[in-house]
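The values are calculated or read from the model by the stated rules, or taken from the named source; none is laboratory data. Just so we're clear, the structure is a prediction, and the values are computed from it rather than from any experiment. Note that each Cβ is placed from the backbone with ideal geometry, even for glycine, and that neighbours are counted across all protein chains shown. For accessibility, only protein heavy atoms count, side chains too; no ligands or nucleic acids. Shrake-Rupley method; radii C 1.70, N 1.55, O 1.52, S 1.80 Å.
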Amino acid sequence: MPTSYELPADALVVSTWQGYMFEFVMVDEGDDPPLLVYIEGDAEAQQRESQMLSGWLASLIRTENSQDAP
């Protein structure tokens, strides 16, 4: 599906999912920027549940650790 959305030059992609969505931060927004998400077909990227990058990383680590538990 064609889109007119362009990833900003100062964006840093931190995850992708099956080629139709990606999460990113703007590197000039401080030490703990909001996590943004773009999903194919949307007109623009949206903030991911007001979550900061540190919260997203902590949640990811908790999820991975719980999957490793016996």
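Overview of results
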quantity: Number of positions in segment 33-70 that are within 14 Å of the chain's Cα centre (by Cα), open to solvent by less than 80 Å² (accessible area, probe 1.4 Å) and among the charged types (D, E, K, R); calculated: 1
quantity: Index of the failed condition, GLY30 passing every other in (1) of a type in the set (Gly, Ala, Ser); (2) assigned to a loop (DSSP other than H, G, I, E, B); (3) at pLDDT below 90; (4) open to solvent by less than 90 Å² (accessible area, probe 1.4 Å); calculated: (3)
quantity: Where ALA9 falls short, out of the listed (1) surrounded by 12 or more Cβ atoms within 10 Å (Cβ to Cβ); (2) at pLDDT 90 or above; (3) of a type outside the set (Asp, Glu); (4) assigned to a loop (DSSP other than H, G, I, E, B); calculated: (1)
